[in-house]
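The values are calculated or read from the model by the stated rules, or taken from the named source; none is laboratory data. What you see is a predicted model, and the numbers here were worked out from it, not measured in a lab. As a convention, Cβ positions derive from the backbone with ideal geometry for all residues, glycine included, and neighbour counts pool all protein chains shown.
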Amino acid sequence: MEWLPPPDDHPTPSLIVHGGVVDRNLSRMQSYCNNHALNLRPHTKTHKSLEMARRQLAVGAVGLTVAKVGEAEIMSRVCSDVFIAYPAVGSHRLARIATLGKSHRISIGIDSLAAAKSLQDAAASQSCKLGVLVDLEVGFFRTGVEDPKNAIALCEFVASQKNLDFRGVMCFPGHILPSADDSVWYAYTDSLAKVIDQLQSRSIPVPIVSGGSTPTAMQSHRNPLLNEIRPGTYIYNDMNEVRLGVATLDDCAARVLATVVSTPSRNKFIVDAGSKTLSSDRNCVDADSGFGYVVEFPDAKISRLSEEHGEVVLPEASPSKPPRVGDRIWIIPNHICVSVNLQNSFYLLEQETLDQLPVDARGMLV
């Protein structure tokens, strides 16, 4: 799909999102889920946008996933079923979750008895019911209960609470790469089965088994226990996904438009997009590839960032003609989720028009 150059007076640096590419990405993921009997509950951490959430729901998503209660409050404006895939700890956070639980179907992922008890108290104080998915460790070693016996005990405790509704289990298989062989997937499945089988033998239903991660989202059928997935980056994609081999440059729906502000030497130029626009994240596959991809100069490397400066270097033998001061270039960030959260707004490119939209859930750290 064509990226038409914005008007000469369009401000830079700015994040521009191609609506047609977004819709194609959404349709592809939803079709995969439909074909494999998987519910899609996309993580909104990538776009943080009510407009993009509406599009995901319209295509067939069963609900939305967020990390923080602030994001849940924003996304609840367009969705009645929100999953907070992050431990709910702290009285300020719990009070807001319980208030939201009075009017919406809210679920929370937890991995400790302390979190479960606090959720029960918060829900009881508001006379509401909060859903719980117990977080299981499957190999990434971040959050998640590691010992199956402890996981089963936590699930049993949640199921026994008056104001908590045990809705299943969740996990984050972020350690699994697209090239993983069957043995890795068997281990992933087995780590879930050790808990799910025991719960079912105790007559505790496990209605939701929720996984995540864009890189392996379209391989989720290799774990037959999953019935829900929570990918986020797939809506926009980025250079991480491209270098992982799960997206092409044409699948990247979000680009930063930047202006060349200095040409200190023949092989080096400076753009007005620095770490406050692109983020300082290096590529997860090739850390030495630079801080993003310059579309017009595929052999260039964004070699260094300061807050407002992006330094781009061309190889000595590059056939490319160096840009001039005032020229504008497109950059695909390494990690689009972080880049989006750095913007107050983005521009939606659709039918040759640009509409400025807010990044509604930007900066929701709590």
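Odds and ends about this structure:
- Scope segment 34-65; condition free of Cβ contacts under 8 Å to residues at least 24 places away in the same chain and either among the aliphatic types (A, V, I, L, M) or in contact with a Leu (Cβ under 7 Å, 6 or more places away or on another chain) (or both); matching residues: 57, 58, 64
- Considering residues of segment 21-52 that are of a type outside the set (A, V, I, L, M) and in contact with an Asp or Glu (Cβ under 7 Å, 6 or more places away or on another chain) only, the residue nearest to residue 83 (Cα to Cα): 41
- Residues that are outside any strand (DSSP E or B), touching a Leu at 6+ places or on another chain (Cβ under 8 Å) and closer than 15 Å to residue 93 by Cα, drawn from segment 122-145: 122, 123
- Of all the residues in segment 259-278, those that are assigned to a strand (DSSP E or B) and over 18 Å from residue 324 (Cα atoms) number 0.
- Within segment 315-366, strands (runs of 3 or more DSSP E) holding 2 or more residues that are touching a helix residue (DSSP H, G or I) at 6+ places or on another chain (Cβ under 7 Å): 328-332, 345-350
- Selection of segment 185-220 for residues being within 20 Å of the chain's Cα centre (by Cα) and outside any strand (DSSP E or B) yields 212, 213, 214, 215, 216, 217, 218, 219, 220.
Every residue, every condition in (1) in contact with a Cys (Cβ under 9 Å, 6 or more places away or on another chain); (2) modelled with pLDDT of 95 or more; (3) farther than 17 Å from residue 229 by Cα, yes or no:
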site: 98; (1), (2), (3): yes, yes, yes
site: 116; (1), (2), (3): no, yes, yes
site: 120; (1), (2), (3): no, yes, yes
site: 126; (1), (2), (3): no, yes, yes
site: 136; (1), (2), (3): yes, yes, no
site: 149; (1), (2), (3): no, yes, yes
site: 192; (1), (2), (3): yes, yes, no
site: 208; (1), (2), (3): no, yes, no
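- Number of residues in segment 221-250 that are assigned to a helix (DSSP H, G or I) and either aromatic (Phe, Trp, Tyr) or surrounded by 23 or more Cβ atoms within 10 Å (Cβ to Cβ) (or both): the value is 6.
- Some residue of segment 345-365 being over 27 Å from residue 215 (Cβ atoms) and among the aromatic types (Phe, Trp, Tyr): yes
- Some residue of segment 300-315 being out of contact with any strand residue (DSSP E or B) (no Cβ under 6 Å at 6 or more places or on another chain), touching a residue at least 40 places away in the same chain (Cβ under 8 Å) and not assigned by TED's automatic domain parsing to the domain that holds residue 215: yes
- Here the condition is being in a loop (DSSP other than H, G, I, E, B) and assigned by TED's automatic domain parsing to the domain that holds residue 338; of 281, 288, it holds for 281 alone.
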